[in-house]
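Taking it in order: structure first as structure tokens, then the write-up.
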Amino acid sequence: MGKKYATPLLDELKKGAFPSFVTEIEKAAEKTEYARDLLGLLEQSYREKLTHWKHGGIVGVRGYGGGVIGRYSDLPDKYPGVAHFHTVRVNQPSGFYYTTAALREVMGIWDKYGSGLTNMHGSTGDMVLLGTNTESLEAIFAELSSRGWDLGGSGSAMRTPSCCLGKSRCEWACIDTMALTNEITQHFQDEMHRPAFPYKFKFKVAGCAVDCIASIARADMSIIGTWKGDIGIKQDEVANYSKTMDIQKEIIDMCPTGCMTYTGGKLSIDNSNCNRCMHCIAQMTKALSPGPERGATILLGSKAPIVTGALMSWVIVPFIKLEPPYEEFFELVGKIWEWWDEHGKNRERIGELIERMGFPTFLKGVELTPHPAMIKSPRRDPFFFWDEEDIQR
Amino acid sequence: MDIESIKKEIVALIEESMGKKKLKPGDVFKKIVEIHPGATKDNAKAALRELMDAGTLVYSYKGGSYVEMPPK
């Protein structure tokens, strides 16, 4: 099937070394009118430097307030294939594990009812199916749910929780990220499918401070694995590493708290000054291991710059065991949401509310006891203020 | 608390607000607790859920999530 529109500007985006979304849309355009008209609409937008999408409105599946993002073209007569171009978010499995059969199943449904275009995965973590019409939504949902799939979150709701692959492939994961993510998803089904918050709320679960899913910068609640106790050291493995790396330069000098020494071929750690950043463990995985008591740090408030500027998460629980049935954790989340619901303005994220009302007010509201470890960034905390003179002293 | 009477209150509230002010689910819960002695947020949530499942009301999105009457 030939091209329906000339697309000189889009064609520029096919050049170069990197994969091109234009090439992928052109492949889909061999099969669907959605993709053919999408190319025409995009070319016009690039030419005019103007979007031709409208977003929102009443669209979705019965009973759910999320999972479908309504999108329409403002040029439906010119590009009828994209008059409706709704996005369907499908809740991804924890850790993004799929069998090829599962992927074929979803794509079979999507080829039947939609454009065939996907985004694997959206920044929240969902499998994102791009481009279908309003009439097909209930059928897509029925086919997905009959095979055990569910829609993800959207709107002013809990968004689909996501996690790193945790203990499934990483021996240094301090918590079972996949189990916790699944528990959060199941426990808060109502909060995910029926939006009732001031704005969105995201959970991301990382097994350790390496934070492979960047939860500290992207989740309203960041759950990051950590430990108590001393880092385990195998000196014979340290000796092996010394043959292939400069331990002084790559480990000791890069320790953010300067709590490590390497003398006479022996590695020592002052664990009382370690901030458990994971740098040394990640670099010397055979020689070092997290301490024996494993759990997580809970942080709150990060977000990307949408309504106001970006924020990073702030420690609210320095250490929690986080084991099934996670009652203490769910109780804390409930209190946080109540406080946010009570005081939050429309479209105000939890981190912005804390900034507006103050961290002490938040702690009182959710009945958390202030603790010096409730820091916003290493070696800084909200409770003590130092002058240059004090530091010199 | 009788869920059926809360459902009626919610529908009346949404009908009255149409064309004036969009209500978020949280606004609906607060209003119901305010005007309905004995109603709780959980009652209101359960009632709204039933209305949504029945298609009596629908969610909409315009920079945030709102509750509306379905389009005619």
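The values are calculated or read from the model by the stated rules, or taken from the named source; none is laboratory data. The shown structure was predicted, so the numbers you read here are calculated from the model rather than taken from an experiment. Don't worry about glycine lacking a Cβ; one is built from the backbone with ideal geometry, like all the others, and counts go over all protein chains shown. The area values use the complete protein model at the heavy-atom level, side chains included, leaving out ligands, DNA and RNA. Shrake-Rupley method; radii C 1.70, N 1.55, O 1.52, S 1.80 Å.
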Out of the residues in the stretch A:216-251 that are assigned to a loop (DSSP other than H, G, I, E, B) and in contact (Cβ under 8 Å) with a residue 60 or more places away in the chain, state the one that is most open to solvent (accessible area, probe 1.4 Å). A:Asp230
What pairs come up if the first residue lies in the stretch B:48-72 and is more than 7 Å from chain A (Cβ to nearest Cβ) and open to solvent by less than 10 Å² (accessible area, probe 1.4 Å), the second is assigned to a loop (DSSP other than H, G, I, E, B) and not aliphatic (A, V, I, L, M), and their beta carbons are under 8 Å apart, counting only those six or more places apart or on different chains? B:Leu48/A:Arg194; B:Leu57/B:Pro70; B:Val67/B:Lys24
Looking at the stretch B:26-42 only, could you name the residues that are touching a residue at least 12 places away in the same chain (Cβ under 8 Å) and surrounded by fewer than 20 Cβ atoms within 10 Å (Cβ to Cβ)? B:Lys31, B:Ile35, B:His36, B:Gly38, B:Thr40, B:Lys41
Would you please name the residue that is surrounded by the most Cβ atoms within 10 Å (Cβ to Cβ), looking only at residues in the stretch A:330-350 that are under 21 Å from the mean Cα position of the chain (by Cα) and without any contact (Cβ under 8 Å) to a residue 60 or more places away in the chain? A:Leu332
Filter the stretch A:159-180 for residues that are under 25 Å from A:Lys200 (Cα atoms) and among the hydroxyl-bearing types (Ser, Thr, Tyr); the one that is surrounded by the most Cβ atoms within 10 Å (Cβ to Cβ) is A:Thr177
Which residues, counting only those in the stretch B:14-25, are crowded, with 17+ Cβ neighbours inside 10 Å and part of a helix (DSSP H, G or I)? B:Ile14, B:Ser17, B:Pro25
Please identify the pairs in which a residue from the stretch A:64-84 that is on the phi < 0 side of the Ramachandran plot and away from chain B (no Cβ under 14 Å) has its Cβ atom under 6 Å from the Cβ atom of a residue that is open to solvent by 30 Å² or more (accessible area, probe 1.4 Å) and in a loop (DSSP other than H, G, I, E, B), counting only partners at least 6 apart or on another chain. A:Ala83/A:Pro76; A:His84/A:Asn133
Would it be correct to say that A:Val88 is more than 19 Å from B:Tyr59 (Cβ to Cβ), in contact (Cβ under 8 Å) with a residue 24 or more places away in the chain and either open to solvent by less than 50 Å² (accessible area, probe 1.4 Å) or within 14 Å of chain B (Cβ to nearest Cβ) (or both)? no
I want to confirm something. Restricting to the stretch A:16-69 and keeping residues that are more than 26 Å from B:Pro71 (Cα to Cα) and among the basic types (Lys, Arg), which single residue is most open to solvent (accessible area, probe 1.4 Å)? A:Lys49
Given (1) open to solvent by less than 20 Å² (accessible area, probe 1.4 Å); (2) at pLDDT 95 or above; (3) of a type in the set (Phe, Trp, Tyr), index of the condition A:Phe359 fails: (2)
The lone exception for A:Gly108 - which of (1) of a type in the set (Gly, Ala, Ser); (2) open to solvent by 10 Å² or more (accessible area, probe 1.4 Å); (3) more than 30 Å from A:Cys277 (Cβ to Cβ); (4) at pLDDT below 95 it fails: (4)
Quick one: count up the residues across the stretch A:289-312 that are buried (at least 21 other Cβ atoms within 10 Å of the Cβ) and in contact with an Asp or Glu (Cβ under 8 Å, 6 or more places away or on another chain). 5
Search the stretch A:111-143 for residues being β-branched (Val, Ile, Thr) and open to solvent by 20 Å² or more (accessible area, probe 1.4 Å), and hand back the single one that is nearest to A:Pro305 (Cα to Cα). A:Thr118
